[in-house]
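**Student:** Please find one structure pasted underneath; my questions will follow.
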Amino acid sequence: TENSKDCEGYAVGYTQAGEWMEYTVLVKSDDEYTIKANVATPFETSGIQIYVDDTAVTEEMTIPQIDTAWNVYKEIELGNVALESGEHVLKILVTGSYVNIDWLYLSSSNDKDGLKSVSKSSESVLKKKIQTLRVGGKTLFVNQNGKKFDLLGVQIQ
């Protein structure tokens, strides 16, 4: 696909509607942030919604079919959110099953590094120091090179 981005490490996969992940993030400055994600899905019914401090900051977004394969990722824009500096809880809610999430990234015109969630570098979700990671609903898996891992990094058969 013309705009596809390879998975940049681990991806959260096998997602089911109703599952969620939360991360504690530290916002450096008051600003308007653009939310982007690198995702893959062969379906037209997958979706996610983003919350900050238990308040929805995006609408439920149906992810368009990226490709017929699970390993073709595309960077998509989810919207914008005004954030105040300080600690916040960022929640990714799966609203439509079977979306693979490589990373979620918040950036502003004043912050070149942005806020990195799932992963946006050679760091993986499993190696990244995250103060809080909670999973709701059924079990989420991390997929790397066709192998399944639980969120503790233990390979699943």
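The values are calculated or read from the model by the stated rules, or taken from the named source; none is laboratory data. Values in this document were obtained by computation on a predicted structure and should not be read as measured data. Positions of Cβ are backbone-derived with ideal geometry, glycine not excepted, and every protein chain shown enters the neighbour counts. For accessibility, only protein heavy atoms count, side chains too; no ligands or nucleic acids. Shrake-Rupley method; radii C 1.70, N 1.55, O 1.52, S 1.80 Å.
**Student:** Return the residue satisfying two criteria in turn: it lies in segment 79-129 and is out of contact with any strand residue (DSSP E or B) (no Cβ under 7 Å at 6 or more places or on another chain), at pLDDT below 90 and part of a loop (DSSP other than H, G, I, E, B), and of such residues it is least open to solvent (accessible area, probe 1.4 Å).
**Tutor:** So the residue we want is 124.
**Student:** Which ranges mark the strands (runs of 3 or more DSSP E) fully within segment 17-66 that have 2 or more residues being farther than 15 Å from residue 105 by Cβ, within 13 Å of the chain's Cα centre (by Cα) and not β-branched (Val, Ile, Thr)? Reasoning before the result, please.
**Tutor:** Numbers: elements: 20-27, 31-40, 47-52.
The strands (runs of 3 or more DSSP E) meeting that bar are 20-27, 47-52.
**Student:** Further question: Taking segment 1-52 as the search range and keeping residues that are of a type in the set (D, E, K, R) and open to solvent by 70 Å² or more (accessible area, probe 1.4 Å), which one is modelled with the lowest pLDDT? Walk me through it before giving the result.
**Tutor:** Restricting attention to segment 1-52, the residues satisfying the condition of being of a type in the set (D, E, K, R) are 2, 5-6, 8, 19, 22, 28, 30-32, 36, 44.
From what is left, the residues that are open to solvent by 70 Å² or more (accessible area, probe 1.4 Å) are 2, 5-6, 28, 30, 32, 44.
Details: 2: 45, 5: 62, 6: 73, 28: 86, 30: 91, 32: 92, 44: 94.
It comes out as 2.
**Student:** Another question, if that's okay. Pairs, please: C-beta under 8 Å, at least 6 apart or cross-chain, first residue more than 16 Å from residue 80 (Cα to Cα) and in segment 42-54, second in a strand (DSSP E or B) and small (Gly, Ala, Ser)?
**Tutor:** Sorted first by the residue in segment 42-54, then by its partner, the pairs are 43/96; 45/96; 46/96; 47/96.
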